[in-house]
Amino acid sequence: MPHTYSLSPIGEIDSPFKEKFGIPRQPGLCNAALGSIKLYGDANNEMAVKDLTQHSHIWLLFLFHQNLEQGWKPSVRPPRLGGNQKTGVFATRSTFRPNGIGMSAVKLLGVRQSGQQWFVDVQGVDLLDGTPVVDIKPYIPYSDKIEQAHSDMADSAPTQSLNVVFCKQAQTQLNQYQKVTNNQYPHLEQLISQVLQQDPRPSYKQNKPDDKIYGIRLYDINIRWQVTNNRCDVLAIELDNEQTQEIKGK
């Protein structure tokens, strides 16, 4: 066996995705998904992020930390193949990998300092909240973009897109929530729409009759929704008890 090595995170990401269900399957599919990387230790240093903003996009290398203890298998069932057909793990971006390392190219919004803490703000994230980030690298267009590249398995973005409609109750709750939080999440409606347009249900559920009511947690709210044919109805936006009482007091 070769030598073993250890990795220490350089930070973790603050993301709207509080659970794995609903996370976009690739970065950039939801440009309303904003994130912020809080840097740790020696990486929490002005010199470490010097000139980072000269790049429009960056690579995030991170750990699938919630999957590490479950191990991995040589073959997986990727959603792109319908969730039923097996293929080699190295031919996919499965989260269950030998070393649990993921990578995402995201848009860099900026670098900022708050007191002694440095943050890297990004757009188009597909990372679970609290994901450990092990490295940040600049995206270099002339070398990272390969014009002749192709993938027989996933040569284009997913074509299936649900028509997302907010029912009256959900729209009212959304407006109230934005008012109470002083519009803390100005792109919340867009984020909800973009996440649900991707149809986060399991592959075997898609294109079939389905009367189940689903829930997704974004930021600190729960979104309840249901799919009928090609339409996704947002039924409710549910707040925790403290926020509900604050709304009632308005």
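The values are calculated or read from the model by the stated rules, or taken from the named source; none is laboratory data. Owing to the predicted nature of the structure, the values given are computational and were not obtained by experimental measurement. Backbone-built Cβ (ideal geometry, glycine too); neighbour counts: all protein chains shown. Quick note on the areas: whole protein, heavy atoms, side chains included, nothing else; ligands and nucleic acids left out. Shrake-Rupley method; radii C 1.70, N 1.55, O 1.52, S 1.80 Å.
Numbers for the structure displayed
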| read-out | value |
| --- | --- |
| Helices (runs of 4 or more DSSP H) completely within segment 112-223 that count 3 or more residues being of a type outside the set (Lys, Arg), modelled with pLDDT of 90 or more and within 24 Å of residue 62 (Cβ to Cβ) | 141-144, 188-197 |
| Of the criteria (1) at pLDDT 90 or above; (2) among the polar types (S, T, N, Q); (3) under 22 Å from the mean Cα position of the chain (by Cα), which one residue 70 fails | (1) |
| Within segment 132-191, considering residues that are open to solvent by 80 Å² or more (accessible area, probe 1.4 Å) and acidic (Asp, Glu), the one nearest to the chain's Cα centre (by Cα) | 155 |
| Any pair with Cβ under 6 angstrom, 6 or more apart, that starts in segment 75-104 at a residue that is touching a residue at least 12 places away in the same chain (Cβ under 8 Å) and part of a loop (DSSP other than H, G, I, E, B) and ends at one that is open to solvent by 30 Å² or more (accessible area, probe 1.4 Å) and aliphatic (A, V, I, L, M) | 100/68 |
| The one condition in (1) in a loop (DSSP other than H, G, I, E, B); (2) surrounded by 17 or more Cβ atoms within 10 Å (Cβ to Cβ); (3) touching a Lys or Arg at 6+ places or on another chain (Cβ under 9 Å) that residue 13 fails to fulfil | (1) |
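One line per residue, one yes/no per condition, for (1) open to solvent by less than 80 Å² (accessible area, probe 1.4 Å); (2) hydroxyl-bearing (Ser, Thr, Tyr):
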{"position": "4", "(1), (2)": "no, yes"}
{"position": "23", "(1), (2)": "yes, no"}
{"position": "27", "(1), (2)": "yes, no"}
{"position": "37", "(1), (2)": "yes, no"}
{"position": "50", "(1), (2)": "no, no"}
{"position": "53", "(1), (2)": "no, yes"}
